[in-house]
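Enquirer: This is the structure I have questions about; it appears just below.
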Ligand SMILES: Cc1ncc(COP(=O)(O)O)c(C=O)c1O
């Protein structure tokens with residue numbers, strides 16, 4: 001339990017008073033699920049809000065309260081909730097069938113849409129989630145190179161399968177997290193993002209052993225720890241020199257930072273790309289896309305002709321027709337409209353306006369981030385900060401994440417919900433193309449009121 005819960009906090013009292021319907025459901029859920037939740041990032045004490053429905057940039061809880069949404073379906077809802085074209089496509093497909101156990105027209109159109117947008121996609125293989133996509137990308141790289149090791153960058157997130165756990169939230173010494181085999185963790189090499197010399201050294205030390213390097217191309221946690229674009233260039237050069245497969249994990253950034261993802265925005269061509277979230281228009285789905293010669297390891301004829309062992313890849317819901325229908329409609333809008341640019345522009349405005357609030361209220365916090373990601377720095381060390389000139393690269397990840405002042409971050413999120421804004425635990429959020437003037441003003445007012453509540457409680 002956060003320390004903040006044990007205190008007599010008007011913020012927590014206000015949250016409880018505003019959300020009795022959620023409290024009742026959370027009490028039931030506590031008897032059903034570990035911690036009463038179904039995704040770790042929805043964990044918040046005393047309980048999270050239960051949502052009834054959503055539209056565009058907003059969602060409504062079971063008590064009828066409205067929130068400006070910055071969870072954005074964990075990043076999937078670039079187009080906002082219930083985008084009419086996407087809904088119409090899903091409704092139409094629903095009546096035609098939800099699973100044929102056979103190939104279908106929509107999977108072709110979905111893959112064509114991916115290949116049109118993602119510059120490095122020569123072949124596509126659909127999966128059911130981003131976690132499955134990164135799992136397959138690593139297996140492809142190992143089979144292609146015949147090498148065992150995987151380079152990952154500290155704090156970067158790539159889903160929850162066994163290769164992706166150490167060095168994300170803990171175990172930065174590379175040891176296995178609970179339940180994971182030492183042999184798996186032992187084949188993962190952790191490196192600091194933006195450390196070109198460290199990467200070069202690691203590649204030399206493990207010459208001929210490294211199959212792949214995987215990275216979030218805008219930086220750890222969607223840019224909480226921002227990437228230095230020069231490092232991405234170095235990463236591309238060094239991996240090519242060492243024959244290492246470069247995997248861009250574009251599960252968040254794909255179709256968001258630009259229609260062609262971070263690889264388009266930064267002009268870098270990875271060997272493999274993992275996709276999910278926006279890919280499937282708000283329904284479940286993922287994909288690995290990239291070089292044909294690598295994805296050929298999934299091809300019956302090519303592997304047979306080359307005398308190689310094929311990588312097996314079943315998956316009941318691969319390229320599911322409902323997900324395909326939503327994905328096609330969504331990617332068409334991404335390709336044909338300024339959806340990415342709108343979300344990026346709103347985020348710029350939001351960051352600027354929030355920093356003005358912090359300056360006016362004399363709060364040493366900062367809003368930062370790239371593209372359509374909002375990151376909030378809550379300054380655990382309470383150092384003097386000029387929000388409008390904040391440089392996140394001067395701080396450690398723990399400091400940026402607010403781990404050392406988790407109590408304040410926690411109360412800030414509750415206060416924002418009391419004022420009708422749902423921020424993610426980053427703390428921060430993702431923005432949709434439907435966030436507009438009204439959401440901006442509501443968010444700015446909510447932040448001003450929230451920092452005032454925090455001041456009144458002696459937290460700031
Ligand atoms: C960068 C990144 N990669 C992979 C994943 C895993 O995707 P999924 O939740 O669809 O398994 C996520 C999920 O948030 C992610 O942010």
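Enquirer: When region 232-288 is examined, which residues are found to be within 13 Å of the ligand (Cβ to nearest atom) and surrounded by fewer than 22 Cβ atoms within 10 Å (Cβ to Cβ)?
Expert: Once the filter is applied, which keeps residues that are within 13 Å of the ligand (Cβ to nearest atom) and surrounded by fewer than 22 Cβ atoms within 10 Å (Cβ to Cβ), region 232-288 yields 283, 284.
Rundown of residues vs (1) under 22 Å from the mean Cα position of the chain (by Cα); (2) within 16 Å of the ligand (Cβ to nearest atom), yes/no style:
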position	(1), (2)
113	yes, no
117	yes, no
122	no, no
139	yes, yes
146	no, no
153	yes, yes
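Enquirer: When the residues of region 330-348 are filtered to those that are in a helix (DSSP H, G or I) and over 21 Å from the mean Cα position of the chain (by Cα), which remaining residue is surrounded by the most Cβ atoms within 10 Å (Cβ to Cβ)?
Expert: Only one residue fits best here, namely 332.
Enquirer: If you don't mind, another one. Give the residue, chosen from 24, 54, 89, 17, that is in contact with a strand residue (DSSP E or B) (Cβ under 9 Å, 6 or more places away or on another chain) and either modelled with pLDDT of 95 or more or away from the ligand (no atom under 16 Å from the Cβ) (or both).
Expert: When all the criteria are applied, what remains is 54.
Enquirer: Which of the residues belonging to region 301-315 are more than 16 Å from the ligand (Cβ to nearest atom) and assigned to a loop (DSSP other than H, G, I, E, B)?
Expert: Across region 301-315, the qualifying residues are 307, 308, 309, 310, 311, 312, 313, 314.
Enquirer: Which residue, of 435, 426, is touching a helix residue (DSSP H, G or I) at 6+ places or on another chain (Cβ under 9 Å) and at pLDDT 95 or above?
Expert: Just one listed residue meets the conditions, 435.
Enquirer: Then there's this: Any idea which of 174, 97, 159 is in contact with a helix residue (DSSP H, G or I) (Cβ under 7 Å, 6 or more places away or on another chain), within 14 Å of the ligand (Cβ to nearest atom), part of a loop (DSSP other than H, G, I, E, B) and not assigned by TED's automatic domain parsing to the domain that holds residue 39?
Expert: 159
Enquirer: I'd like to check something: does region 191-198 contain any residue that is in contact with a strand residue (DSSP E or B) (Cβ under 6 Å, 6 or more places away or on another chain), in a helix (DSSP H, G or I) and either crowded, with 21+ Cβ neighbours inside 10 Å or at pLDDT 95 or above (or both)?
Expert: yes
Enquirer: Does region 74-128 hold any residues that are on the phi < 0 side of the Ramachandran plot and free of Cβ contacts under 8 Å to residues at least 12 places away in the same chain, and which are they?
Expert: Across region 74-128, the qualifying residues are 84, 87, 91, 95, 102, 103, 105, 108, 112.
Enquirer: Moving on to the next point. Name the one entry in 274, 303 that is more than 24 Å from residue 338 (Cβ to Cβ) and under 13 Å from the mean Cα position of the chain (by Cα).
Expert: Result: 274 is the single residue among 274, 303 that is more than 24 Å from residue 338 (Cβ to Cβ) and under 13 Å from the mean Cα position of the chain (by Cα).
Enquirer: On to the next question. Can you report the number of residues in region 28-81 which are crowded, with 16+ Cβ neighbours inside 10 Å, in a loop (DSSP other than H, G, I, E, B) and more than 23 Å from the chain's Cα centre (by Cα)?
Expert: So the answer is 2.
Enquirer: Return yes when residue 106 is closer than 30 Å to residue 414 by Cα and at pLDDT 95 or above and no when it is not.
Expert: no
The values are calculated or read from the model by the stated rules, or taken from the named source; none is laboratory data. These figures come from a predicted structure and were not determined experimentally. All Cβ positions, even for glycine, are placed from backbone atoms using ideal geometry, and neighbour counts span all protein chains on display.
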